[in-house]
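A short write-up of the structure that comes next.
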Amino acid sequence: MKIKEIRHRAAPLQSSIRNAMIDFSQMTVSTVAIITDVLREGKPVIGYGFNSNGRYAPEGILADRIIPRLMAAKAEDLLTDEGDNFDPFKARQIMMKNEKPGGHGERSVAVGVIDMALWDLVAKIEGKPLYRVLGERFNGGRIDEKVAIYAAGGYYYPGQGLQQLKDEMKSYLDQGYTSVKMKIGGASLEEDRRRIEAVLEVVGRREDLAVDANGRFGLHEAIAYSEVIDEYGLRWFEEVGDPLDFLLNATISSVSQTPIATGENLFSMVDARNLLRYGGMNPNRDWLQFDPALSYGLVEFLQTLEMMKNYGWSPRRCIPHGGHQFALHIAAGLQLGGNESYPLVFQPYGGFGDTIAIENGLITPPQVPGIGFELKSELMKTFVTLGL
């Protein structure tokens with residue numbers, strides 16, 4: 001049992017949307033395919049992976065360091081002790097050889113891309129959906145057969161008015177979502193207030209709307225927005241300021257009546273721990289959004305979950321960023337608090353299988369071996385086009 005080849009390609013997101021900090025017109029994604037000598041129905045088993053939106057494709061790191069280390073390793077060094085499957089924990093050690101601590105940045109993204117593909121392989125070789133593998137290995141056999149998801153959208157589009165924003169949010173409700181998230185901070189406070197009120201006209205229940213500033217605000221602006229947001233009783237106020245400004249986050253947490261959500265731009269267990277130590281987060285109120293695909297993968301995420309428990313946090317307070325099927329399996333197999341979804345944007349990477357229905361804000365993970373990329377036709381077409 002060995003890896004025969006690892007292919008990787010950068011792909012454009014090709015999106016004109018923007019949030020409060022960046023536009024996505026030049027954003028790229030790294031895609032990988034790990035091709036093995038394991039056969040199923042006469043075909044080699046292939047594991048696929050890609051990084052979540054918001055970080056550019058780390059192609060140089062993949063090509064120069066991460067993939068060469070894996071390909072140079074002895075075949076048995078990438079396998080379980082029994083030799084019956086690949087071992088992502090051992091692969092992690094090989095990928096991180098000669099890497100100094102700290103400075104995670106795009107390195108964590110590159111490792112996360114490979115980690116996703118490895119777990120796709122592991123579950124395919126076991127012949128089970130990934131979430132069942134995770135439940136059996138790491139959660140005492142417990143799983144969630146259905147996962148609560150919310151629709152992330154409400155970006156700033158060129159020429160979009162309030163009616164178009166309302167139409168977008170209504171389309172999510174029509175698809176079966178009950179909760180949505182929208183962007184703020186990319187317009188004036190008064191304009192964002194009008195946008196929030198327009199979406200509430202569609203959503204109805206205030207606790208079914210979350211807002212996301214994408215790290216836009218300094219202290220004074222954050223306080224001004226917090227005071228306005230508190231008037232509405234929303235689900236959460238996300239990424240108020242720079243993700244590493246724990247003092248700002250703690251200050252807003254201390255005055256906000258709205259739950260705070262953050263963590264998607266923290267890329268290691270140690271950074272996540274510093275957030276819990278110094279960021280003023282409340283384990284009975286707030287939400288953590290660490291993204292496995294951007295933060296060294298599931299191997300690191302498992303360490304982060306264990307750390308959270310030591311600080312009094314339940315896994316149910318964690319709703320991963322990313323909006324893809326890998327995070328969905330992790331949420332189901334490790335019984336997290338839910339999962340993000342991108343029904344409209346970041347296609348074909350966002351969202352779930354073509355025939356997987358959303359009912360009352362809940363979704364059932366794919367019931368096929370692996371992560372289930374093969375159930376998303378446009379994504380598989382993209383992989384083929386890229387030469388994976």
Study note, to complete from the structure: When residue 46 is run through (1) in contact (Cβ under 8 Å) with a residue 12 or more places away in the chain; (2) surrounded by fewer than 19 Cβ atoms within 10 Å (Cβ to Cβ), the failure sits at (2)
Practice item. Quick one: which residue in 338, 323, 333 is of a type outside the set (Lys, Arg), modelled with pLDDT of 95 or more, touching a strand residue (DSSP E or B) at 6+ places or on another chain (Cβ under 6 Å) and buried (at least 20 other Cβ atoms within 10 Å of the Cβ)? Key: 338
Study note, to complete from the structure: Every listed condition ((1) open to solvent by 10 Å² or more (accessible area, probe 1.4 Å); (2) of a type in the set (D, E, K, R); (3) assigned to a loop (DSSP other than H, G, I, E, B)) holds for residue 291 save (1)
Check your understanding: Can you name the condition, by its number, that residue 363 falls short on among (1) touching a strand residue (DSSP E or B) at 6+ places or on another chain (Cβ under 9 Å); (2) open to solvent by 30 Å² or more (accessible area, probe 1.4 Å); (3) over 18 Å from residue 121 (Cβ atoms)?
Key -> (2)
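Return the only residue of 172, 157 being surrounded by 19 or more Cβ atoms within 10 Å (Cβ to Cβ) and within 23 Å of the chain's Cα centre (by Cα).
Only one candidate passes the filter, namely 172.
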Check your understanding: Are any of the residues in segment 343-351 within 23 Å of residue 143 (Cα to Cα), open to solvent by 20 Å² or more (accessible area, probe 1.4 Å) and of a type outside the set (Lys, Arg)?
Key -> no
Exercise for review: Check segment 69-88 and report whether any residue there is open to solvent by 80 Å² or more (accessible area, probe 1.4 Å) and of a type in the set (Phe, Trp, Tyr).
Suggested key: no
**Study point:** Options 336, 344; residue that is under 24 Å from residue 87 (Cβ atoms) and either within 17 Å of the chain's Cα centre (by Cα) or basic (Lys, Arg) (or both)
**Key:** 336
Review point. All but one of (1) within 20 Å of residue 109 (Cα to Cα); (2) in a strand (DSSP E or B) hold for residue 54; which doesn't?
Key: (2)
Revision key, fill the gap. Residue hits (segment 7-28; buried (at least 21 other Cβ atoms within 10 Å of the Cβ) and assigned to a strand (DSSP E or B)) are 8
Practice item. Could you look through segment 89-104, keep only residues that are open to solvent by 60 Å² or more (accessible area, probe 1.4 Å) and assigned to a loop (DSSP other than H, G, I, E, B), and pick out the one that is nearest to residue 47 (Cα to Cα)? Key: 97
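Could you please let me know if residue 231 is outside any loop (DSSP other than H, G, I, E, B) and exposed (fewer than 15 other Cβ atoms within 10 Å of the Cβ)?
It is false that residue 231 is outside any loop (DSSP other than H, G, I, E, B) and exposed (fewer than 15 other Cβ atoms within 10 Å of the Cβ).
Every residue, every condition in (1) in contact (Cβ under 8 Å) with a residue 60 or more places away in the chain; (2) touching an Asp or Glu at 6+ places or on another chain (Cβ under 9 Å), yes or no:
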position	(1), (2)
111	yes, yes
123	yes, no
133	yes, yes
144	yes, no
174	no, no
180	no, yes
188	no, no
191	no, no
203	no, no
Review point. Applying the selection to segment 364-378, what residues are within 18 Å of residue 330 (Cβ to Cβ) and in contact with a helix residue (DSSP H, G or I) (Cβ under 7 Å, 6 or more places away or on another chain)?
Key: 365, 366, 368, 369, 370, 371, 372, 373
Exercise for review: Go through the residues of segment 363-371 one by one and say whether even a single one is touching a Phe, Trp or Tyr at 6+ places or on another chain (Cβ under 6 Å) and farther than 25 Å from residue 24 by Cβ.
Suggested key: yes
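The values are calculated or read from the model by the stated rules, or taken from the named source; none is laboratory data. In this text, all values refer to a predicted model and were calculated from it rather than measured experimentally. Heads up, the Cβs are rebuilt from the backbone with ideal geometry, glycines too, and the neighbour counts pull from every protein chain shown. Ligands, DNA and RNA are excluded from the accessible area calculation, which covers all protein heavy atoms including side chains. Shrake-Rupley method; radii C 1.70, N 1.55, O 1.52, S 1.80 Å.
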